[in-house]
Amino acid sequence: MESTAPDAPDAPSTRRHRSPSTPRQQLVRDARTRAMELARAPIRVGDDACIAADAFVGPGVTVGPRAILGARARAFSEVPAGVVAVGNPAKPIKPRKFQP
């Protein structure tokens, strides 16, 4: 008799999973205005930069070329080029290493 327990390797999954690459729209309101309008400053992402799952990049922030912004990090100011930045707020923790 085959096992149909949820932890059995061949059992169909009944849980819904959210892919880490699922886009989520992050809205930022400008508290300086009475109407609390959406902040619309551009976000700039450099060449070969990587923004991991569920990370937040604030309005007007630049993620430098070859930088990595870690999962769930919150970037409220510029992320320098060629670093790995993590945390809330995002801070560079080490330079990004490249294999030749």
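Here, each number is a calculation from the coordinates, and none is a lab measurement. On a predicted model such as this, the values are computed, not experimentally measured, just so you know. A quick note on method: Cβ atoms are made from the backbone with ideal geometry, for glycine too, and the neighbour counts reach across all protein chains shown.
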Share of Cα-Cα pairs in the range 44-95 beyond 18 Å, whole percent, is 10 percent
Phi angles of the range 71-84, converted by Karplus (6.51 cos²θ - 1.76 cosθ + 1.60, θ = phi - 60°) into ³J(HN,Hα) in whole Hz with x for Gly and Pro, give 4, 6, 6, 10, 9, 9, 9, 4, 9, x, 5, x, 10, 9
Amide H neighbours of VAL83 at under 5 Å, excluding residues fewer than 5 places away on the same chain, with H built from the backbone geometry, are ALA67, ILE68, ARG96
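What does DSSP give for the range 44-95 in terms of the percent of beta bridges that are antiparallel, rounded to the nearest 5?
Numbers: 4 of 13 bridges.
Counting only bridges with both partners in the range 44-95, antiparallel ones make up about 30 percent.
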Expected sort for ARG34, ARG29 with the fewest Cβ neighbours (10 Å cutoff) up front is ARG34, ARG29
Per the 1/(1 + (r/R0)^6) rule, R0 = 30 Å and r from the Cβ atoms of VAL28 and ASP48, FRET efficiency to 0.05 is 0.70
In debye to the nearest 20, the charge dipole size for the range 44-95, taken about the Cα centre with +1 at each Lys and Arg Cβ and -1 at each Asp and Glu Cβ, equals 160 debye
